[in-house]
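Working notes for the structure below.
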Amino acid sequence: MSVWDEVVGQEQVVATLRDAVAAARSGGPGMSHAWLVTGPPGSGRSVAARAFAAALQCTDPDEPGCGHCQGCTTALAGTHGDVTLVGTEKVIFSIDEIRPLVSQAQRAPSQGRWRVMLMEDADRMVERTSNVLLKAIEEPPPRTVWLLCAPSPEDVLTTIRSRCRAVHLRVPDPRAVADLLVRRDGLPADVALAAARAAQSHIGLARRLARDPEARERRRRLLAVPTSIRGVGDAVLAAADLIEISTVDARRATEERDAAERAELLRTLGADAGSRLPPALRGQVKTLEDDQKRRATRAQRDVLDRAMVDLLSLYRDVLVVQLGADVDLVNTDAAEEVRRLAAGSTPEQSVRRMDAVGVARERLAANVAPLLAVEAMMVALRPQG
């Protein structure tokens, strides 16, 4: 099994990266020391970047990216000594997180052919943080490769973007995603295809929907919300429900890890969990708690943003029905709600509602209070006279 098998529906990108690996081995043109891998959420940016890193470290002389040698397996697993995987669970990267990477990138590889610095969420750097990274990308050592992942080139500072070779992934076909779920996870073909369509080809989300009945039920309830809104009161209640669900989901995703991190820190500091901390140790615990709060904030925003993407897909289906377009629905399991909304509104109203959802996503990204942003969105989704 090749490392490229998980890069679904991206034949052109895979061909480009394969050529770069061949050039890296032969010393010919085509290899760059900085790459910007972009594509919509779920397109497989990180998967493609990890596959590229594994192929660069592959020890098979005949098939770079073989998928079974030690270089490939350790790079994919994140345990290769010369492959550094960088991500953040907070809203943005801090400068203190980036500075050690710049120093690490200067070291020669110790095991493989290259030192690979793979940064997911490169769009989560503010300008001053990006400037810290800029020098390392401008003048990297001869055996260091930077792989930056972001949704679009515009999400990265212009000075960094101009120094990277760009590859752009497209949204894969749902059938290709379903084939992967069937082949890799042994899921029934019909369940895999329905999940792939509902997830709009987001591979990770499709896998979760296909394997988790509770996730499918939460999504079904969300898509039923627009038909239940009759006025401003219903909209406000629906917004409060969505905020509560997102808070619970974020807490569920982070609380176990938070407790384990706190217990480990206290053990390292030699403090008892139930005892009063000495003043000298309180600062370290406070720093951990602040990081955990930022992680929880991002987790809630991610849940809310995903819910809004699902609502956009619903109104996309409504518009498809209203215009009589000959394309498949994304939400085949919510066809009844789609027909009801289509019959009770006009295409112009559907577009305005999609705009309202888009504005809410922008407000969340701009740090507007989640409840205010979601309430305004829900009010805009109510029936119009």
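The values are calculated or read from the model by the stated rules, or taken from the named source; none is laboratory data. If you're wondering where the values come from, they're calculated on a predicted model, not measured in any experiment. Here Cβ is always computed from backbone atoms with ideal geometry, including for glycine, and neighbour counts include all displayed protein chains. Remember, those area values only see protein heavy atoms, side chains included, never the ligands or the DNA or RNA. Shrake-Rupley method; radii C 1.70, N 1.55, O 1.52, S 1.80 Å.
Go ahead and collect, in residue order, the members of segment 214-237 whose backbone nitrogen is under 12 Å from a label point 7 Å along the Cα-Cβ direction of Val191.
What the label zone holds, given the 12 Å backbone N cut-off, is 214, 216.
Amide H to amide H under 5 Å from Ala166: which residues, 5+ apart in sequence or cross-chain, H placed 1.01 Å off N in plane?
Those lying under 5 Å, H to H, from Ala166 are Leu36.
What is the calculated FRET efficiency for Arg276 to Ile95, with r their C-beta to C-beta distance and R₀ = 35 Å, to the nearest 0.05? Walk me through the intermediate numbers first.
On the way: r = 33 Å, r/R0 = 0.94.
The computed FRET efficiency comes out at 0.60.
For the pair Asn367/Arg183, report the inter-label distance in nm, with labels modelled 7 Å from Cα in the Cβ direction.
4.4
Using modelled backbone amide H atoms (1.01 Å from N, in-plane), which distant-in-sequence or interchain residues come within less than 5 Å of Leu147's amide H?
For Leu147, the qualifying residues are Trp35, Met117, Leu118, Met119.
Skip the ligands, DNA and RNA, and give the accessible area per residue of the chain with a 1.4 Å probe, whole Å².
Details: 18940 Å² over 385 residues.
So the chain comes to 49 Å² accessible per residue, rounded to a whole number.
According to a simple spin-label model (label point 7 Å from Cα along Cα-to-Cβ), what is the distance in nm between Asp290 and Thr158?
Each label point is offset 7 Å from its Cα along the Cβ direction, giving 3.3 nm.
Over the chain, with every protein chain in place, what whole percent of the accessible area is carbon and sulfur at 1.4 Å, could you tell me?
Details: 9870 of 18940 Å².
The value for the chain is 52 percent carbon and sulfur by accessible area.
For segment 172-180, take each phi angle, set θ = phi - 60°, evaluate the Karplus expression 6.51 cos²θ - 1.76 cosθ + 1.60, and give the result in whole Hz per residue in order, putting x for glycine and proline.
Running phi through 6.51 cos²θ - 1.76 cosθ + 1.60 with θ = phi - 60° gives x, 5, x, 5, 5, 5, 4, 4, 5 Hz.
How much length, in nm to one decimal, is gained on full extension between Glu138 and Ala224, taken as 0.36 nm per residue of separation minus their Cα-Cα distance?
Details: separation 86, 0.36 × 86 = 30.96 nm, distance 5.05 nm.
That works out to 25.9 nm of additional length.
Report ³J(HN,Hα) in whole Hz for each residue of segment 148-157, in order, from the Karplus equation J = 6.51 cos²θ - 1.76 cosθ + 1.60 where θ = phi - 60°; Gly and Pro get x.
Taking θ as phi minus 60°, the curve returns 9, 10, 7, x, 8, x, 5, 7, 10, 3 Hz for segment 148-157.
For the residue pair Val248 and Gln70, what label-to-label distance in nm results when each label sits 7 Å from Cα along the Cα-to-beta-carbon direction?
4.9
Given only helices, namely DSSP H runs of n ≥ 4 each adding -39500 (n - 2.57), what is the per-residue ellipticity at 222 nm of the chain, to the nearest 500 deg cm²/dmol? The partial results should precede the final answer.
Working: 15 runs with 234 residues, N = 385.
Rounded to the nearest 500, the figure is -20000 deg cm²/dmol.
Sorted by mean Cβ packing within 10 Å, highest first, what order do the peptides 96-107, 64-75, 44-55 take? Don't skip to the end; give the middle numbers.
Details: 96-107: 13.8, 64-75: 20.4, 44-55: 26.2.
The densest-packed peptide leads the list: 44-55, 64-75, 96-107.
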